[in-house]
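Q: Following this message is one structure expressed as structure tokens.
The values are calculated or read from the model by the stated rules, or taken from the named source; none is laboratory data. Treat the numbers as computed from the prediction; the structure is a model and nothing was measured. Using ideal geometry, Cβ is built from the backbone for each residue, glycine included, and neighbour counts are taken over all protein chains shown. For accessibility, only protein heavy atoms count, side chains too; no ligands or nucleic acids. Shrake-Rupley method; radii C 1.70, N 1.55, O 1.52, S 1.80 Å.
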Amino acid sequence: MKKQILIYIFLFIFTGKTFAQTFIDERIKEAERLYCTNQFKEALYLLNDVISQNPNDMYALLDRSCVFDALNEYEKALHDIEIVIKDNPSNIKARHFRGGIYENLGEHEKAIEDENFVLNLVPDFSSGLNVRGLAYGRLGLYEKSLNDFNNAINSAFVHNEYPEIYYLNRANTYYFMKNYSESLNDLEWALHFNNINPESMLLMSKILRATGKYEESIKWVSDLISIKDDYYEAYYLRIIDYLQLKKFDNAKRDLDIIKKSSSKFSAYHALLSVYFYLTGDIDKSKSEYKLSKEIGRNEKNGFVIKLNMNDEIDDFMTSYKFEEIIFDK
């Protein structure tokens, strides 16, 4: 009789664990579904619950790392993925995700190291090629960057994947190389796959601006803002266009719109400085310019740095020989 009781107890515990594991698996699966539909906070809630009960659940930790990455909480994402990699240093998926996190953190050499590990094992892994291509581009190694994006595009077609992001990233690389015709060609392919992608629309504006087509550039960023009115980098570029065309009232309107979200960034104060200079208020122009430089010295991984807006604004100010002119007044 005692033996039967022990068997029943064992079966109860085993069945309970099975039900518990099934419940956990279902919550992780639901979190992944939410992640794929951009419901990141909802996914995070589920994964936090799973990890609070099972701190060493590597699947949940890996998934939560991806969610933190999507929420731009890169340090938290890195913390979770490090636990997964410590448990299994050869986990290809985890190494690839860590490479992407490093790239978002601006640690390009580390991103390349992780993606090299992945690509040595899976040479045609398009997502790994994409991350490494981005890292090479950030380091100014444009030929290597182009080669990775070329291979990512080829791999995407072979494996019936969606190549839009690889065309867009190659277009960005050509843009930084000032090869605007090739950039435009790739961008048209990216827009063919998705004609309302904000990043593609923003790049189109940049190409048009770089070739002096300010009115057309304004049209693209205005269309973007009509779709996504909190896409603040579009306002930055439209302000530059308005200032180039001496449409100062329009520029001031956009500066006022982004003030609340952007006043902590150097680029905002740089543009405000140009606005005051061009409208004749030299004292305010000098003050804003000094403030932009002061903020810029302490800026790291912020809105402006991440989106390469500093390059756009620096080019604009250099075209005016701004620093020389303003402090000669």
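Q: Could you name the aspartates and glutamates whose alpha carbon sits less than 18 Å from that of Lys41, not counting residues in the same chain fewer than 8 places away?
A: Lys41 reaches Glu26, Glu30, Glu32, Asp49, Asp63, Asp69, Glu73, Glu75, Asp80.
Q: Can you compute the FRET efficiency between Phe248 and Thr37 using 1/(1 + (r/R0)^6), with r the Cβ-Cβ distance and R0 = 51 Å? Round to the nearest 0.05.
A: After rounding to 0.05, the efficiency reads 0.75.
Q: Projected onto the charge dipole of the stretch 101-240 (+1 at Lys/Arg Cβ, -1 at Asp/Glu Cβ, origin at the Cα centre), which of Val131, Asn147, Asn160 gives the Cα projection farthest towards the positive end?
A: It is Asn147, whose Cα lies furthest towards the positive end.
Q: I've got another one for you. Over the stretch 150-300, what percent of the accessible surface lies on carbon and sulfur atoms, probe 1.4 Å?
A: Taking all protein chains in place, the stretch 150-300 shows 48 percent carbon and sulfur surface.
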